[in-house]
Amino acid sequence: TACSSKFVLSQVHPMWQEPLAIPGGDRQSPIDIVERKSVFDSKLKPLVTNYDPKTCQQIWNNGYSFLVEYDDTTDKSTLKGGPLQDQFRLCQFHFHWGECNSWGSEHTVDRRLFPAELHLVHWNADKYNLFEEAVVEDNGLAVIGVFLKIGKRHEGLQKLVDALPVIRHKDSVVEFTKFDPACLLPPNIDDYWTYHGSLTTPPLTEAVTWIVMKQHIEVSHDQLAVFRSLLFTAAEEEVQKSMVNNFRGTQPLRGRTVRSSFT
Ligand SMILES: CCc1cc2c(cc1OS(N)(=O)=O)CC[C@@H]1[C@@H]2CC[C@]2(C)[C@@H](O)CC[C@@H]12
Ligand SMILES: [Zn+2]
């Protein structure tokens, strides 16, 4: 299968065609984070997350990943500090993963790939009124990235894993409540890399302050296997396609500096 060690990752085609022209194009994500080239910035503050599980609303398969969506009409689930000047509201989190454990993450660290990557998407509620407004602004979005590794079962993730079979097909949605996304963060969120980039799925807008955690979290092989049981395709389509390899390849750094909050 494609997962045998001799298979070359470059032959894995992401599920959507890269557009020819990209808005701006010199601040695209994801990137390869070269540890020894990242610059320690002592002015970077600790990240402050304040998530209210009661704002968790639903989980849906959007045909690219599955998104756990939060009520972002008030300041109940917020992110501030770190590299951020303003307060951001959590609107959704989702994951990217591979067809096997050899690849699946979007960012890489010294070219190292992880089996999956979690993205917690926030928008700047101090400056804008809606996610859709912020998504086209330089300082509009902040996304926390967390790498996943295969290891012991993640107890907090299991409630999410149990909901996935109900949303197997594209455009399916199910109510999902009282989930605290803080349980998906690693123990130490003070060590991270940060840089200016873009969304990694259309509209690919260059609106994101990326905050990539140095520490990963562990999930079990069986938990990640349930991610792979999802489908890109809608129920009525005759050919069903497994939702795997839903990651974008790394993009040119174009002179950007990656800062680190740790030495
Ligand atoms: C799952 C990857 C995904 C989906 C979406 C975004 C971003 C996403 O991943 S990423 N890696 O953070 O770029 C930002 C735009 C979002 C979209 C989900 C659907 C929307 C919320 C639309 O309803 C309007 C804006 C859209
Ligand atoms: Zn993402």
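The table below lists the values:
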quantity: Charge tally in the Cβ shell below 12 Å around ASP52, where Lys, Arg are +1 and Asp, Glu are -1, ASP52 excluded; calculated: 0
quantity: ASP52 paired with SER229, simple spin-label distance in nm, labels 7 Å along Cα-to-beta-carbon; calculated: 3.4
quantity: For region 177-263, the Rg and Dmax computed from alpha carbons only, in angstrom; calculated: 17.0, 53
quantity: The chain: C-alpha pair distances exceeding 22 Å, %; calculated: 55
quantity: Distance-filtered residues of region 163-191 - backbone nitrogen under 14 Å, label point 7 angstrom along PHE40 Cα→Cβ; calculated: 191
quantity: Proximal aspartates and glutamates relative to LYS149, as straight alpha-carbon distance under 15 Å, when same-chain residues fewer than 8 apart are discounted; calculated: GLU99, GLU106, GLU117, GLU218, ASP222
quantity: Filtered trypsin sites (Lys or Arg not before Pro), region 71-165: DSSP coil and at most 10 other beta carbons within 10 Å; calculated: ARG111, LYS152
quantity: Selection from ASN124, HIS96, HIS107 lying farthest towards where the dipole of region 60-129 points positive, charges on Cβ; calculated: HIS107
quantity: Partners for LYS76 among aspartates and glutamates (Cα-Cα distance below 13 Å; same-chain residues under 8 apart left out); calculated: ASP52, ASP180
quantity: Cut-off of 10 Å, at most 14 other beta carbons, DSSP loop: longest stretch of the chain lacking such GluC sites (Glu not before Pro); calculated: 1-154
quantity: Dipole moment magnitude, nearest 20 debye, the chain about Cα centre, only Lys, Arg, Asp, Glu C-beta charged; calculated: 880
quantity: FRET E, pair GLU175, ILE150, Förster distance 30 Å, beta-carbon r, rounded to 0.05; calculated: 0.50
quantity: All lysines inside 26 Å of LYS152 as judged from Cα atoms, apart from same-chain residues fewer than 8 positions distant; calculated: LYS178, LYS214
quantity: Net lengthening on full extension, ASP71/GLU137 (0.36 nm per residue, minus Cα-Cα); calculated: 21.6 nm
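Where a number appears in this text, it was derived from the coordinates with a stated rule and is not lab data. For clarity, every value in this text was computed on a predicted model and none was experimentally measured. For neighbour counting, all protein chains shown are included, and Cβ atoms are generated from backbone atoms with ideal geometry for every residue, glycine included.
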